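Okay, structure first, notes after.
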Amino acid sequence: MNTCFVLIAVSATKWLCRSTNKSIGKREVCDTDTNDCKVMNPKVIHDQSDEDPDMCRNWTCPAGTWACADGLQCLHEGYVCDGSYEHYNCQDGSDEIDCHNYNCSQGYWKCDDHFCVKQGRVCDGRQDCRDRSDETNCENYQCREADWKCANSLCILDIWVCDGEPDCIDASDEVNCDNHTCPEDNWKCEGSCMPALHLCDGVQHCIDIDDESCEICLELGRLRVGHERWACGNGKCIPVVQVCDGQRNCRDNSDEQN
């Protein structure tokens, strides 16, 4: 007896579970995860309709996924030829076959042994390829657009450069910071960069205390004149309630004088 399955598409990217009526992403259908349709209600029967074998045989894997050879499972492209035979892989092992002819998906890099690793893990100082090919010949490797190349040829995120903490093994990311242009959405301290969202938040992030300067906070519109903040002798702002409270809140102790 043939069983009919009604496949209900909520949208171009959504799918409706049969019993719970829960909407899940189409990439979650036929991915062997039996908890996608589950709802937090003990009275509702565990719905595994998104993993029904009869339905999955006729299921077309959506863009960004890879169809296993048995036709029962869709795999995220990032898990194909990743050298793993454990979680998030085809049950029939087809995702790890013929990898020397497989082109790694976008954002991934092919090791010399034909397995794929994330692009951001190439030349980062840590071995990810089994043959260590991701950490060899780094002097000729071009870091990603969002990365910065250390003096020893390793790559780090551009936002980590001149942030006051060495991220390159050779600490070259914290050298010559006076001439460094901070990335977008960052603010330049004297010799370092910090996220702009930390400006005028009441906590000192820059060594030179510029990020809490009353003059800067007023200019940025993050400080109302008069009532809420008080200017220390060194230019830092503190809440006015901290003035003459018996505790030193300004480095120069000006809040406890006079």
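Of note:
- Under the condition of being surrounded by fewer than 16 Cβ atoms within 10 Å (Cβ to Cβ), modelled with pLDDT under 85 and either assigned to a helix (DSSP H, G or I) or over 19 Å from the mean Cα position of the chain (by Cα) (or both), the residues counted in the stretch 181-190 number 1.
- Asp131 farther than 30 Å from Val241 by Cβ and assigned by TED's automatic domain parsing to the domain that holds Gly107: yes
- Residue count, the stretch 163-176 (criterion: touching a residue at least 40 places away in the same chain (Cβ under 8 Å) and under 20 Å from Gln204 (Cβ atoms)): 1
- Unique residue being without any contact (Cβ under 8 Å) to a residue 60 or more places away in the chain, aromatic (Phe, Trp, Tyr) and over 30 Å from Gly233 (Cα atoms) when the list is Trp187, Trp160: Trp160
- When the stretch 60-69 is limited to residues that are among the small types (Gly, Ala, Ser) and in a loop (DSSP other than H, G, I, E, B), the one that is modelled with the highest pLDDT turns out to be Ala69.
- Qualifying residue in the stretch 38-54 (condition: within 25 Å of the chain's Cα centre (by Cα) and of a type outside the set (A, V, I, L, M)): no
- Selection from the stretch 229-258 of residues that are exposed (fewer than 12 other Cβ atoms within 10 Å of the Cβ) and at pLDDT below 80: Val241, Asn258
- Of residues in the stretch 9-59 being among the β-branched types (Val, Ile, Thr) and either assigned by TED's automatic domain parsing to the domain that holds Asn89 or more than 27 Å from Asp92 (Cβ to Cβ) (or both), the one modelled with the lowest pLDDT: Val10
- Lone qualifier among Asp252, Asp211, Asp178 - being assigned to a helix (DSSP H, G or I) and in contact with a Gly (Cβ under 7 Å, 6 or more places away or on another chain): Asp178
- Every residue from the stretch 55-92 that is within 29 Å of Gln127 (Cα to Cα) and more than 29 Å from the chain's Cα centre (by Cα): Asp92
- Residue match in the stretch 105-114 (condition: within 19 Å of the chain's Cα centre (by Cα), small (Gly, Ala, Ser) and modelled with pLDDT of 85 or more): yes
The values are calculated or read from the model by the stated rules, or taken from the named source; none is laboratory data. These figures come from a predicted structure and were not determined experimentally. Note: ideal-geometry Cβ built from the backbone for every residue, glycine included; neighbour counts use all protein chains shown.
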